[in-house]
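Following: one structure in structure tokens, then a few remarks.
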Amino acid sequence: MELVVGDLCFIKSGDFLPVDGLIVRANDLAVDEFSITDVALFSGTEVKEGNGQMVVVGVGPNSTAGYVLSLLRGSA
């Protein structure tokens, strides 16, 4: 299943996020990048604890990880 912008997806402990998203519901949610922001989750982030839901806001080259890769390739 491919995620697209606007999808609502469930996240849980142990997940690695393949997309950027905004948290819409959280139950004891802790992720490895949580100190960066309180509402946004970035692709490549690991969910350490809890569960929740997020709305997808960036996929592939339009995600944070995609942007960083384009900078490393010199195409941004």
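The values are calculated or read from the model by the stated rules, or taken from the named source; none is laboratory data. Remember, it's a predicted structure, so these values are computed and weren't measured experimentally. Heads up, the Cβs are rebuilt from the backbone with ideal geometry, glycines too, and the neighbour counts pull from every protein chain shown. Areas reflect the complete protein model, heavy atoms only, side chains present, ligands, DNA and RNA absent. Shrake-Rupley method; radii C 1.70, N 1.55, O 1.52, S 1.80 Å.
Residue check: Ala65 meets all listed conditions (1) aliphatic (A, V, I, L, M); (2) touching a strand residue (DSSP E or B) at 6+ places or on another chain (Cβ under 6 Å); (3) open to solvent by less than 70 Å² (accessible area, probe 1.4 Å) but one, namely (2). Find the residue count for segment 18-62, including only residues that are modelled with pLDDT of 95 or more, open to solvent by less than 40 Å² (accessible area, probe 1.4 Å) and among the polar types (S, T, N, Q). Number of matching residues: 1. Look at segment 10-33: where a residue is on the phi > 0 side of the Ramachandran plot and touching a residue at least 12 places away in the same chain (Cβ under 8 Å) and a partner is of a type in the set (A, V, I, L, M, F, W, C) and in a strand (DSSP E or B), sitting 6+ places away or on another chain with Cβ atoms under 9 Å, you get Gly14/Val47. What are the pairs with Cβ atoms under 8 angstrom where one residue, in segment 56-76, is assigned to a loop (DSSP other than H, G, I, E, B) and the other, located anywhere, is among the β-branched types (Val, Ile, Thr) and crowded, with 17+ Cβ neighbours inside 10 Å? Sequence gap at least six, or different chains. Note: pairs meeting the criteria are Val59/Val19; Ser63/Val19.
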